[in-house]
Every structure is written in C-alpha cells, then in structure tokens.
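The values are calculated or read from the model by the stated rules, or taken from the named source; none is laboratory data. Values in this document were obtained by computation on a predicted structure and should not be read as measured data. Virtual Cβ from ideal backbone geometry, glycine too; neighbours counted across all protein chains shown. In case anyone asks, the SASA skips ligands and DNA or RNA and just uses the protein heavy atoms, side chains included. Shrake-Rupley method; radii C 1.70, N 1.55, O 1.52, S 1.80 Å.
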Amino acid sequence: MSASNHRRTSSSRSPLKTPGAVLLLALPLPLLVHCATENPTDWTYDGTQDGAAAVPSGDGAAGGSGDDAASDGDDGSDSRHHHDGGQAEAGQDAGGAGAGGMDAGNPGAGGGMDAGHADAGGGGGMDAGHADAGGGMDAGHADAGGTADGGHPDAGGGMDAGHPDAGGGNDAGSPPTGGLQVQGNHFVDNGNTVRLLGVNHAGTEYTCVGGGGIFEGPSDATLVGPMKQWHINTVRVPLNEDCWLGINGVAASVSGTNYQQAIASYVQMLRANGMYVVVDLHWNAPGGTLAKAQQPMPDADHAPAFWTSVANTFKGDLGVVFDLYNEPYPDLGTSNPGPCLRDGCSLSNWSGYSGSAMAVGMQSLVNTVRNTGARNVILVAGWGYANYVGSWLQFAPTDPLNNLGASFHLYNPAGCNTASCWSQQVAPVAAKVPVVTGELGETDCAQSFVDSYFSWADPAGVSYLGWAWNVQNCSSFPALITDYNGTPTALGQGFKTHLPTQQ
C-alpha cells in the first residue's frame with residue numbers, strides 16, 4: 001500500500017512519515033446511518049467518530065469511542081473515513097455507540113440528529129433535477145493560450161482577462177453571459193446543457209504537507225490522455241489552505257507562490273484539454289495549526305483569505321467551479337448544524353487543535369468570492385460529510401448571481417446510500433438547483449454500488465465525480481486506476497464503461 005494512501009478505512013493506525021514521504025492519513029466515514037424513507041428526522045449517529053461502524057438508531061451495537069479532537073488528527077490516522085487524510089478529527093468523545101449518537105444536547109435527546117437535521121423546512125433532500133446534463137466544454141472554452149499571468153495567484157492576480165470564456169469579465173450583479181453557469185436546476189455553457197461527469201485527482205491537498213511535493217502522479221498532459229479515453233469532462237482538484245497561503249510552516253518550495261503557480265498551471269492544462277475543473281478547500285486548520293487533516297468547517301482565521309486569493313486567481317475562467325468546502329460536519333460539534341453551516345459558529349472539535357475556534361459560514365464565503373468580482377459557479381455542500389442534504393434548501397446561502405449548486409458526497413458505507421434515500425433527500429434539491437456528487441465511490445473493490453447510483457442519478461440529471469484518479473488501494477482509498485495509463489480497478493471499470501454512454 002502506498003504511503004500516500006489517505007483514504008484508509010481499516011482500523012490500523014499509521015504514524016506520520018519522515019520528510020520526503022507523504023502523510024499516512026485517514027478519514028472517518030459519514031456517520032449518518034440511515035435514510036428514513038418516511039420521516040427525514042430519523043437520521044441518527046452511532047455515537048462515535050472513530051473506529052466504529054455506523055449503526056441504525058436504536059441499535060444497541062457497541063462501537064469504539066471517539067478519539068479526542070485535540071489529539072486525534074495529528075497523525076491523521078482515523079480509521080473510518082473513506083477519504084483523505086487526517087480526517088481523524090473525532091469531534092466529541094462520544095462515549096460508546098449504543099446510546100446514541102452525539103453527546104447529550106448535540107442533536108436531539110437520544111443522540112440522533114435533531115429535528116433540524118432534516119428539519120421542517122428542510123423537507124426533503126435534494127430534488128431530482130440534480131444538475132447537469134450532457135455536454136462537454138465548447139471548443140475554445142478553455143483555449144490553450146491564456147496561462148495565468150505572472151503573479152498568478154495572489155489576490156488580484158487572477159488568470160488573464162480574456163482567459164477562457166466570454167463573460168468572464170462582467171462585473172458582479174448580473175448573471176454571467178458565457179461559460180459555465182447555473183440555469184434553473186442544471187448547468188449550461190454558452191447555451192448547451194452540461195453535466196459534470198468525471199473524477200477527483202487527489203494529492204494536492206496532502207503531499208505538500210507530507211514531504212512529497214505538490215502532486216501525486218503526473219500533472220502534465222500525460223495525465224489527460226487516458227481521462228479523455230474514459231470520456232471524463234471534469235476533474236476535481238482538492239486544495240490545502242496552508243499550502244496555498246504559504247503559512248504555518250509549510251516548506252516554501254511547495255507553498256505560497258510556488259504552490260499557487262503549480263495549481264494554476266495544472267488547472268490551465270486541464271482547461272486547455274477541454275475539461276471543467278472543480279477546486280475545493282479540502283484541508284485546513286485554525287490558528288497556527290498545520291492543515292494536515294479535514295476539519296468540521298472552514299476556519300474563520302484563514303478560509304476567507306484562501307477564497308479571496310483562489311477566486312482572484314481563477315475568476316477569469318468560468319469553466320472553473322468553486323467548491324467552498326469539501327465535507328462539512330458541524331453536526332458533530334453543534335446541535336444547530338444548519339445555521340452553523342450557513343452563518344458560522346464556534347466549534348471545539350477541530351482536528352489537532354485544542355480549544356474552540358470560529359468556523360466561517362458559507363454565506364460569508366459566498367460573499368468573499370463575489371466581492372472579488374468572480375462570477376464562477378459556487379458549490380455548497382450539505383453537512384454530515386456532505387452526505388446529508390435534506391435541509392440544503394432551507395440553509396443555503398444567498399448568492400447575488402443565483403449561481404449556486406449543491407454538493408453531495410456518496411460512498412457505499414454512508415448513511416444515505418439507497419435509491420429511496422436519494423429520492424427523498426437528494427431529489428428535492430436537484431429539482432431546484434444543480435447537484436454535483438463531488439465524490440462517488442465504493443470500498444469493496446467492485447462497481448455494483450456506483451452502477452446503482454448511475455441508474456438513479458442519470459435520469460435525475462445529477463452530476464458525479466469518482467474518487468479517485470490515483471494509483472492506490474481500490475478498497476481503502478478507494479482508487480479508480482491501477483496505473484496512470486488509465487488501467488481501471490473494478491470500481492474504475494464501472495466509470496470507464498458508463499461515462500461514454502452519457503456523452
């Protein structure tokens with residue numbers, strides 16, 4: 001198993017690697033344990049953050065106790081999450097699983113998520129029109145040519161004015177007139193309906209803090225040939241807050257301007273090859289804590305500066321989508337996750353950070369992006385590691401451009417992992433706004449689960465991006481390929497076979 005395997009789901013715990021190697025990190029799976037087909041308030045937790053399998057509400061199965069947030073996450077070795085790294089956040093020390101869920105007071109008496117989780121108002125999850133529909137990028141949408149200009153990524157330096165799309169220079173206040181944009185419950189690009197269908201390429205969130213450079217695998221055009229053979233039209237690029245901003249002790253060779261320019265050039269290469277790109281804030285941390293883990297929310301200390309800089313870098317290219325935060329889980333730190341997600345709140349369940357710190361809400365980050373003049377599509381995730389979107393419509397931020405989509409993440413061990421749940425929780429949101437399944441995978445080295453989701457998502461117009469285009473273990477990562485020539489794992493074969501049918 002590669003040292004950079006950061007999506008470990010086994011119970012093993014791994015120490016940090018020495019400089020020159022990548023961190024061995026892990027994340028806990030979404031702890032929403034079932035989709036109540038009749039009562040959306042039935043979503044509950046197993047009471048643990050680490051080391052235990054999720055169990056349905058009322059199920060007295062014991063589970064491992066959660067690790068302390070202050071200590072877990074330093075090694076990023078949390079054993080449960082399906083993907084990246086240090087997610088070992090733990091959250092609260094939940095005492096065993098049986099009783100229920102999150103600590104007293106967190107959601108609802110017995111530990112389950114309170115009515116707010118799928119609360120009145122939230123009604124049903126995302127609706128059916130999920131999002132996109134067909135289409136690749138028009139020719140020239142990202143013509144080769146406009147590499148990001150010199151100063152690249154610092155605030156103000158975005159990519160050249162004329163960079164890829166018409167409309168990129170319009171000022172905020174009116175809808176974009178060219179490039180990828182939201183229209184009703186789907187995306188369009190210059191009049192063509194678009195679905196974002198592709199993969200994540202991980203590494204840019206963890207190698208820079210693990211001594212392994214910036215990228216895992218190739219970052220030049222050799223990466224793209226096999227992707228085109230699979231009919232991939234979108235690549236999601238996870239980012240590290242500290243590496244982008246050059247703070248908290250990250251080596252200068254892989255942070256600040258060097259990291260920004262490497263990412264900007266990489267995004268430009270993907271765009272020049274006709275692909276949309278989703279950039280997301282994946283790893284972060286408050287204060288002086290190194291961003292070597294996934295956290296419950298974006299931190300108020302650094303996330304606004306991160307998005308100001310990222311938005312300025314890419315605002316000239318409407319084919320770049322801004323995914324504000326990878327997998328929020330404020331529900332493990334507050335009994336009011338919806339308001340916290342939208343408006344921010346104080347949390348104490350940060351990974352590797354002792355004490356409370358302010359999380360910044362999605363409304364503030366939408367405002368931050370729009371204040372740069374960026375008109376790009378913005379994605380906002382649900383909570384519960386982006387697996388719960390039942391109250392997305394109730395707690396969605398307001399965008400002056402009405403150019404928002406919803407982000408939903410799905411793995412087979414997740415809570416909302418059945419067609420009935422998708423119809424209840426995801427379909428209502430997808431009827432209103434585009435929905436992008438920003439991460440989709442399964443951990444059994446097979447493809448039956450993703451095939452079942454394709455069957456549901458395609459008629460609903462929902463987009464999906466497989467996790468992940470990396471040479472890793474097919475179950476614990478899980479990986480789509482066995483080499484960068486595009487040889488698929490069994491999971492990857494499901495995507496490779498299916499994506500051409502959607503073009």
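Limited to the range 271-283, what total is found for residues that are assigned to a helix (DSSP H, G or I) and either crowded, with 24+ Cβ neighbours inside 10 Å or of a type in the set (Val, Ile, Thr) (or both)?
Total satisfying the criteria: 1.
Considering 308, 289, 313, the condition of being at pLDDT 95 or above, β-branched (Val, Ile, Thr), in a helix (DSSP H, G or I) and touching a Gly at 6+ places or on another chain (Cβ under 8 Å) is satisfied by 313 alone.
How many residues does the range 341-380 contain that are over 27 Å from residue 181 (Cα atoms) and either open to solvent by less than 20 Å² (accessible area, probe 1.4 Å) or in contact with a His (Cβ under 6 Å, 6 or more places away or on another chain) (or both)? Working first, answer last.
In the first step, residues of the range 341-380 are kept if they are over 27 Å from residue 181 (Cα atoms); the result is 345-359.
Keeping just the survivors that are either open to solvent by less than 20 Å² (accessible area, probe 1.4 Å) or in contact with a His (Cβ under 6 Å, 6 or more places away or on another chain) (or both) gives 347, 349-351, 357, 359.
Matching residues across the range 341-380 total 6.
Within the range 402-438, restricting attention to residues that are in a loop (DSSP other than H, G, I, E, B) and open to solvent by 10 Å² or more (accessible area, probe 1.4 Å), the residue that is nearest to residue 369 (Cα to Cα) is 402.
Tell me, yes or no, whether the range 160-183 has at least one residue that is in contact with a strand residue (DSSP E or B) (Cβ under 7 Å, 6 or more places away or on another chain), modelled with pLDDT of 95 or more and open to solvent by less than 10 Å² (accessible area, probe 1.4 Å). Yes.
Among all residues of the range 233-245, there is at least one that is in contact with a Phe, Trp or Tyr (Cβ under 7 Å, 6 or more places away or on another chain), open to solvent by 30 Å² or more (accessible area, probe 1.4 Å) and either in a helix (DSSP H, G or I) or at pLDDT 95 or above (or both).
Within the range 439-493, can you find the residues that are open to solvent by 10 Å² or more (accessible area, probe 1.4 Å), in contact with a Cys (Cβ under 7 Å, 6 or more places away or on another chain) and either among the hydrophobic types (A, V, I, L, M, F, W, C) or at pLDDT below 95 (or both)? Within the range 439-493, 445, 474, 475, 490 meet the criteria.
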